[in-house]
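See below for the structure under consideration.
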Amino acid sequence: MAKAKPVIGWREWVVVPELSAIPIKAKIDTGARTSALHAFDLSVDERSEGTWATFEIHPTQRSLAHRSRVSYPVHAFRNVKSSTGHSERRPVIRTVMKIAGYRYRIDLTLTSRDEMGFRMLLGRAAIRRRFVVDPGSSFLLTKTIKETGDTTTS
């Protein structure tokens, strides 16, 4: 018998430990294929080790308190069409995401999400075959502990 998948709400706390230890409130969006992370002052350059993105993140909404500058290897580039129909070529990084006791490698596109309500969008590709989404609930799997920057199961 197959193991039951954990149920997550339409928003959950996640940590991207290779970028920041601070939890990010992510919107779970089954209508979006790719996941996106809010990044600003983004630049992409060629190095001897390949293509790298350098950018700033501030994982906490409406706060620059945990702002940090990051350099990370670019895995690929993708053309992503927004819900408004605007197409944008975005760098993609392949990194680890932690949600409660689960840890997965996912692809994240880097883009400005200043006008959006969430610093991170978790799309279908990141949750496929891993979780079931309950769109009527929030934070089913996680609660945040801001002092440690960790997420734990509820």
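The values are calculated or read from the model by the stated rules, or taken from the named source; none is laboratory data. Here the structure is a predicted model, which is why all the values come from computation and not from measurement. With ideal geometry, Cβ positions are generated from the backbone for all residues, glycine too; neighbour counts draw on all protein chains shown.
With respect to ARG33, is the statement that it is at pLDDT 95 or above and surrounded by 14 or more Cβ atoms within 10 Å (Cβ to Cβ) true?
No, not satisfied.
I'd like the residue in the range 64-101 that is β-branched (Val, Ile, Thr) and touching a Lys or Arg at 6+ places or on another chain (Cβ under 8 Å) and, out of all such residues, is nearest to VAL7 (Cα to Cα). I'd like the intermediate steps shown before the answer.
Start the filter on the range 64-101 by keeping residues that are β-branched (Val, Ile, Thr), which leaves 70, 74, 80, 84, 92-93, 95-96, 99.
Then drop every residue that is not touching a Lys or Arg at 6+ places or on another chain (Cβ under 8 Å), which leaves 80, 92, 95-96.
Values: VAL80: 27, VAL92: 27, THR95: 22, VAL96: 20 Å.
Among those that are β-branched (Val, Ile, Thr) and touching a Lys or Arg at 6+ places or on another chain (Cβ under 8 Å), it is VAL96.
What pairs come out if I take residues in the range 13-35 that are under 18 Å from ARG90 (Cβ atoms) and pair them with residues that are aromatic (Phe, Trp, Tyr) and part of a loop (DSSP other than H, G, I, E, B) whose C-beta lies under 6 Å away, six or more apart or interchain?
Pairs that qualify, where the first residue is under 18 Å from ARG90 (Cβ atoms) and the partner is aromatic (Phe, Trp, Tyr) and part of a loop (DSSP other than H, G, I, E, B), are LYS27/PHE118.
Specify the residue that is nearest to PHE118 (Cα to Cα); the eligible residues are those in the range 39-51 that are surrounded by 13 or more Cβ atoms within 10 Å (Cβ to Cβ) and in contact with a Pro (Cβ under 8 Å, 6 or more places away or on another chain). Before you say what the answer is, go through the steps one by one.
Filtering the range 39-51 down to residues surrounded by 13 or more Cβ atoms within 10 Å (Cβ to Cβ) leaves 39-40, 42, 44, 51.
Restricting the remaining residues to those that are in contact with a Pro (Cβ under 8 Å, 6 or more places away or on another chain) gives 42, 44, 51.
Details: LEU42: 18, VAL44: 24, THR51: 27 Å.
Within the range 39-51, the match that is nearest to PHE118 (Cα to Cα) is LEU42.
Please indicate, with yes or no, whether at least one residue in the range 104-127 is part of a strand (DSSP E or B), in contact with a strand residue (DSSP E or B) (Cβ under 7 Å, 6 or more places away or on another chain) and at pLDDT below 85.
Taking the range 104-127 as the starting set, the residues that turn out to be part of a strand (DSSP E or B) are 104-111, 120-122.
Going one step further and asking which of them are in contact with a strand residue (DSSP E or B) (Cβ under 7 Å, 6 or more places away or on another chain), we end up with 104-111, 120-122.
Subsequent filtering for residues that are at pLDDT below 85 retains none.
Looking for residues that are part of a strand (DSSP E or B), in contact with a strand residue (DSSP E or B) (Cβ under 7 Å, 6 or more places away or on another chain) and at pLDDT below 85, one finds none in the range 104-127, hence no.
Could you tell me whether any residue of the range 78-89 is touching a residue at least 12 places away in the same chain (Cβ under 8 Å), assigned to a strand (DSSP E or B) and surrounded by fewer than 14 Cβ atoms within 10 Å (Cβ to Cβ)?
Yes, the range 78-89 has at least one match.
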